[in-house]
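First comes the structure, then the notes that go with it.
Each reported figure results from applying straightforward, stated rules to the coordinates on display, with no laboratory input. Everything numeric here is computed off the predicted structure, so don't read it as measured data. Cβ placement follows ideal geometry from the backbone for every residue including glycine, while neighbour counts extend to all protein chains displayed.
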């Protein structure tokens, strides 16, 4: 029996660092976030630790409708009758907001703490705005993830400056050549920056694809096989 837990507005505290004026003062802010946590077959009857896939949706799925996190990505793959032997965490970004590193980091740590998760096999992926969130979180908390897969994600000006943080990380980037929403130059610049830092990211370009360059990898068993084969040292 497949189990899917849906949790609404779960409050928790985010610990962040205030670096202004080189101060090390910590502050707390209370955050509420909606998310789906999907458990694979056999989870309840097993004492083993399971991989965790963190999926970040795009801007079109923002709001209060939690079902939208299943429109694309790993949950769609499962709902179409496929199997992933992994826990899947799919948070919902509020309307008019973008992915926040503090919120995501605290949420992942909370899920890992309360569930049977293999800390050496946590994976991060997202599309469009979720691709931005994937880059941002991975560049900041690279120690969490065994592999990272941003899809057609826009980047901030300082992302390439931090590319060395991912030089030893398995990274697979996807983008459509004809993307008119997020130009492919975003992904190309990050891939080149990681390579210049000594990394070896995979980069798949779909020559005929526009902004929707996520449908192919998220429906491909090979993508998930690559992901689950990665493990932190």
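A few points about this structure:
- Residues 93, 152, sorted so that the one with the fewest Cβ neighbours within 10 Å comes first: 93, 152
- Net lengthening on full extension, residue 229/residue 180 (0.36 nm per residue, minus Cα-Cα): 14.3 nm
- Relative contact order, percent, the range 106-221 [alpha-carbon distance under 8 Å, six or more residues apart]: 23 percent
- In terms of overall dimensions, the C-alpha atoms belonging to the range 88-233 reach 42, 38, 33 Å along their principal axes, ordered largest to smallest.
- With the cut-off at under 14 Å, measuring from each backbone N in the range 81-99 to a point 7 Å along the Cα-to-Cβ line of residue 41 picks out 81-86.
- Cα centroid separation - the range 39-116 against the range 192-233, whole Å: 19 Å
- FRET efficiency estimate (nearest 0.05) - Cβ-Cβ, residue 64 to residue 202, R0 45 angstrom: 0.80
- Between residue 49 and residue 71, the simple label model (points 7 Å from Cα in the Cβ direction) yields a spacing of 3.5 nm.
- The slack between residue 114 and residue 101, meaning 0.36 nm per residue of separation minus the straight C-alpha distance, is 2.7 nm.
- Residue exposure sequence - 124, 137, 107 - by fewest surrounding Cβ within 10 Å: 107, 137, 124
- Spin-label proximity, residue 83 to the range 113-138 - amide N less than 19 Å from point 7 Å beyond Cα toward beta carbon: none
- FRET efficiency for residue 188 and residue 219, using Cβ-Cβ distance with R0 set to 22 Å, rounded to 0.05: 0.35
- Dividing the helix sum by the residues of the chain, where each DSSP H run of 4 or more adds -39500 (n - 2.57), gives a mean residue ellipticity at 222 nm of -7000 deg cm²/dmol.
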